[in-house]
């Protein structure tokens, strides 16, 4: 198996383990046990980049706020554009703090939704 590849049943197991968590704190603890601090930091940064993109922030602003490179920001944007919409829907569900909402940007397939 090439470096970076994984077996489909491993992804299935990971998915089921993550879905089994009963609350956000349990999930956070699981993530800290499974991922290295760097992997967790990178994943959290990508989610924050996605949130900033959905809020309409510029690449420059996102880079300043998150420390992400423009390459990372571009990859996250492509993921949003080409993905199934799961991250976007999840961000819209949780919002940003009190009453915070995200709107689908016009550059995302499907246009604006609330």
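In this simple spin-label approximation, residue 86 and residue 19 carry label points 7 Å from Cα along the Cα→Cβ vector, and these lie 0.9 nm apart. Here the Kirkwood formula, the inverse mean of 1/r across different C-alpha pairs, assigns region 1-79 a hydrodynamic radius of 14.4 Å. Taking the fewest neighbouring Cβ atoms within 10 Å as the starting point, the ordered list for 88, 28, 33, 48 is 33, 28, 48, 88.
Give, in nm to one decimal, the length gained when the segment between residue 12 and residue 64 is fully stretched (0.36 nm per residue of separation minus the Cα-Cα distance).
15.1 nm
Read the figures in this text as sums done on the coordinates, not as results from a lab. Bear in mind the structure is a predicted one, so any value in this text is a computation, not a measurement. Using ideal geometry, Cβ is built from the backbone for each residue, glycine included, and neighbour counts are taken over all protein chains shown.
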